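**Q** Handing you this structure, nothing more for now.
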Amino acid sequence: MCDVGHRHGSCHYSGGGLIQLLVLRILHEKPSHGYQIMEELQKITAEKYIPEPGAIYTMLRRMEERNLVTSEWEKKEAGADRRVYTITEAGVKVLKEGLKMVKRRRELMDSLVQFYDANFMDKEKGGART
């Protein structure tokens with residue numbers, strides 16, 4: 001089971017949030033352990049999102065329960081062993097569908113910005129319009 005549902009014969013994204021999409025993006029680029037994921041999230045978001053470790057590990061466990069990621073323990077000679085997460089085929093589907101949704105929303109936002117610019121931008125400079 002994954003977060004991709006089927007409606008009228010086609011696949012659609014059914015949620016999970018932007019942070020989940022960012023985590024899936026990171027894991028699509030390369031398998032990573034939790035601390036690496038948190039560092040990448042900070043970089044990708046220009047440090048606007050600094051994840052709480054507990055929240056990320058909880059999300060990763062839930063994603064694993066839904067078969068979006070798998071994990072294996074990486075044995076280290078020095079230091080503690082760590083769990084490395086890898087995206088699954090179901091996770092790639094969720095990432096792809098989620099990014100399609102983000103793209104559609106961006107196109108809608110761009111359309112609204114263009115409407116604003118065309119209808120209100122110059123008018124605000126010349127006086128308020130109600």
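The values are calculated or read from the model by the stated rules, or taken from the named source; none is laboratory data. For clarity, every value in this text was computed on a predicted model and none was experimentally measured. Cβ coordinates were reconstructed from backbone atoms using ideal geometry, including for glycine residues, and neighbour counts include every protein chain displayed.
**Q** From the set of residues in the range 15-64 that are in a loop (DSSP other than H, G, I, E, B) and in contact (Cβ under 8 Å) with a residue 24 or more places away in the chain, which is surrounded by the fewest Cβ atoms within 10 Å (Cβ to Cβ)?
**A** Tyr49
**Q** So Trp73 fits all but one of (1) of a type in the set (A, V, I, L, M, F, W, C); (2) closer than 11 Å to Ile19 by Cβ; (3) without any contact (Cβ under 8 Å) to a residue 12 or more places away in the chain; what number is the exception?
**A** It fails just one condition, (2).
**Q** Identify, from the list Val113, Val102, the residue that is under 15 Å from the mean Cα position of the chain (by Cα) and either surrounded by fewer than 13 Cβ atoms within 10 Å (Cβ to Cβ) or at pLDDT 90 or above (or both).
**A** Within the list Val113, Val102, the selection yields Val102.
**Q** Among the residues in the range 76-90, are any touching a strand residue (DSSP E or B) at 6+ places or on another chain (Cβ under 6 Å) and part of a helix (DSSP H, G or I)?
**A** Within the range 76-90, none of the residues are touching a strand residue (DSSP E or B) at 6+ places or on another chain (Cβ under 6 Å) and part of a helix (DSSP H, G or I).
**Q** Using the structure shown, decide if Pro31 is at pLDDT below 95 and over 15 Å from the mean Cα position of the chain (by Cα).
**A** Spelling it out, it is not the case that Pro31 is at pLDDT below 95 and over 15 Å from the mean Cα position of the chain (by Cα).
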